[in-house]
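Enquirer: Please see the structure below; I have some questions.
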Amino acid sequence: MIEEFTVFLSLGWAHILDLQAYDHLVFIVSICIPYSFSKWRPLLIMVTGFTLGHTLSLALATLGYFRPVSELIEFLIPLTIASTAVSHLTQLSGRRVDPLKNSFSWVYIWILLFGLVHGFGFSGYLSSLLGKEASILLPLISFNLGIEMAQLFLVLAVLLAQQGIFLLFRPRRSSYVMVASGIVLGVSLSLIGKNWPF
């Protein structure tokens, strides 16, 4: 049991940090852009809510209750990245960037829904790993725990990198958010074009 837990934990961790499947990594980067260490609490809630969303969709898909068309999911994932970047750009207001201002519940609801979409993207990979496992409970929990740990590691890395940028180059926060969100938007539009299902 401990060995199985460790195996799926490490697979969840590795799946997030796989540079060949970088769309999820880009999404985590995108939600971190307006934040600093002083605002880590709402960011932590967002990442955990995102994990809850993809845990639910992973369970539904792996158990066979709901299996959406994979081509549609591959299109929706970069769409969530693009919409996050656009949301940051619309929140710009002088020197102050507050992504939760007047949209607290909206942000968390959308992050939860985005988690559902990304979870369906993971489901094919997890199903192939499970094969004919008698129970999916332990693999599902440990896999998602590995994903959550990797996401929190990425959040810490991004916040540290952003802190370094502000210490070294001292850009205006609004300028940084605009440039970083623009880069993320460009990457996501490229992925949308690549995965266009229509």
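Enquirer: Hey, does segment 53-65 have a residue that's in contact with a helix residue (DSSP H, G or I) (Cβ under 9 Å, 6 or more places away or on another chain), outside any helix (DSSP H, G or I) and closer than 23 Å to SER174 by Cα?
Expert: Within segment 53-65 (the criterion being in contact with a helix residue (DSSP H, G or I) (Cβ under 9 Å, 6 or more places away or on another chain), outside any helix (DSSP H, G or I) and closer than 23 Å to SER174 by Cα), the answer is no, since none of the residues qualifies.
Enquirer: Can you tell me how many residues in segment 3-34 are of a type in the set (Phe, Trp, Tyr), over 15 Å from the mean Cα position of the chain (by Cα) and surrounded by fewer than 20 Cβ atoms within 10 Å (Cβ to Cβ)?
Expert: Total meeting the criteria: 1.
Enquirer: Just give me the residues in segment 35-56 being aromatic (Phe, Trp, Tyr) and surrounded by fewer than 18 Cβ atoms within 10 Å (Cβ to Cβ), in sequence order.
Expert: PHE37, TRP40
Enquirer: Output the number of residues of segment 142-161 satisfying the condition of being in contact (Cβ under 8 Å) with a residue 60 or more places away in the chain and more than 20 Å from ASP23 (Cα to Cα).
Expert: The number of residues fulfilling the criteria is 1.
Enquirer: Counting just the residues of segment 161-198 that are loosely packed, with under 14 Cβ neighbours inside 10 Å and within 18 Å of the chain's Cα centre (by Cα), which one comes out farthest from SER87 (Cα to Cα)?
Expert: Filtering segment 161-198 for residues that are loosely packed, with under 14 Cβ neighbours inside 10 Å and within 18 Å of the chain's Cα centre (by Cα), the one farthest from SER87 (Cα to Cα) comes out as ALA161.
Enquirer: Could you grab me the full set of residues in segment 162-175 that are without any contact (Cβ under 8 Å) to a residue 24 or more places away in the chain and of a type in the set (Ser, Thr, Tyr)?
Expert: Answer for segment 162-175, where residues must be without any contact (Cβ under 8 Å) to a residue 24 or more places away in the chain and of a type in the set (Ser, Thr, Tyr): just SER175.
Rule-based calculations on the coordinates, nothing more; no lab input. Worth saying up front: this structure is predicted, and the values here are computed from it rather than measured. When we count neighbours, we look across all protein chains shown, and the Cβ atoms used for this are built from the backbone with ideal geometry, even at glycine.
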